[in-house]
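The values are calculated or read from the model by the stated rules, or taken from the named source; none is laboratory data. What you see is a predicted model, and the numbers here were worked out from it, not measured in a lab. Virtual Cβ from ideal backbone geometry, glycine too; neighbours counted across all protein chains shown.
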Amino acid sequence: MKLSDRYITIAVTLLVIGTTVWAVPLWLGIWWGAGTVSTSPTPTPKPAPSGAASSSGTPVPVGTTSSSAWSTATYVRSYSGNSLNAPHLVAIRTAPHSADSYDRIALDFDQDSPPGYTIHYVDKVVRAASGQTVVMPGSAYLQLVFAQASAHDNNGNSTIINSPVQPVATQYNELWSYVLNGDFENQVSVALGLGSKSGYRVGEIRRDNGWTIYVDVLTQ
């Protein structure tokens with residue numbers, strides 16, 4: 001064999017060995033990595049919130065709240081529900097919120113739609129059916145009248161435990177007293193005795209089994 005042929009043979013041999021040396025780790029890496037390739041998980045769709053509104057806007061989600069601006073003017077909200085399923089007043093709750101400078105009265109109604117209502121200041125409080133004057137603590141009086149609503153069942157029994165047909169004193173800074181002064185001809189009347197003609201706001205909260213209408217009165 002010629003010297004030049006020997007050099008060619010050696011060169012080819014080295015080339016084959018070098019290719020093998022680099023190829024083996026490469027193929028091992030590909031084979032080993034195939035079992036550990038990570039992929040982004042397929043996102044799981046989040047369920048819609050319970051009671052979420054449909055495209056038509058109903059039902060109203062539980063926990064939804066809304067409120068008016070502070071004012072002393074008359075506030076009116078029309079009833080938009082079914083007159084055959086008029087809501088019943090089932091509870092009245094009060095609480096001071098001194099840190100936020102207001103006192104609150106909350107009225108709980110059943111049924112899917114809240115009642116309509118009118119809220120305005122009056123010179124005196126009277127019984128809705130008889131017109132008899134109600135004497136109650138306060139120097140200003142805010143009258144709440146709920147339309148298409150009642151505070152009694154079909155048998156004439158009160159739907160409120162300890163119905164406040166007589167004035168109830170609260171001894172809060174601004175909300176001094178309240179009374180159920182009417183449950184007559186599908187209208188429920190609740191009057192508030194206040195320390196002064198203060199600004200108020202009204203709001204609604206959707207509950208699982210009805211609505212809460214609340215009135216906040218600014219403390220002076």
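May I ask you to list the residues in region 113-138 that are assigned to a loop (DSSP other than H, G, I, E, B) and touching a Leu at 6+ places or on another chain (Cβ under 7 Å)?
Within region 113-138, GLY138 is the sole residue that qualifies.
Going by the conditions given, is LEU107 in the same structural domain as ASN173 (by TED's automatic domain parsing), hydrophobic (A, V, I, L, M, F, W, C) and within 19 Å of ARG201 (Cα to Cα)?
Yes, satisfied.
Quick check on region 136-172: of everything there that is among the hydroxyl-bearing types (Ser, Thr, Tyr) and under 27 Å from the mean Cα position of the chain (by Cα), which residue is farthest from ALA86 (Cα to Cα)?
Going through the qualifying residues, I end up with TYR172.
For the structure I just gave you, tell me whether ASP112 is acidic (Asp, Glu), over 18 Å from TYR200 (Cβ atoms) and surrounded by fewer than 19 Cβ atoms within 10 Å (Cβ to Cβ).
Spelling it out, ASP112 is indeed acidic (Asp, Glu), over 18 Å from TYR200 (Cβ atoms) and surrounded by fewer than 19 Cβ atoms within 10 Å (Cβ to Cβ).
Please pick out the residue among LEU194, LEU175 that is more than 26 Å from the chain's Cα centre (by Cα) and either of a type in the set (Val, Ile, Thr) or crowded, with 16+ Cβ neighbours inside 10 Å (or both).
Checking each option against the conditions leaves just LEU194.
Take SER67 and decide whether it is surrounded by fewer than 17 Cβ atoms within 10 Å (Cβ to Cβ) and modelled with pLDDT under 95.
So SER67 fits the description; yes.
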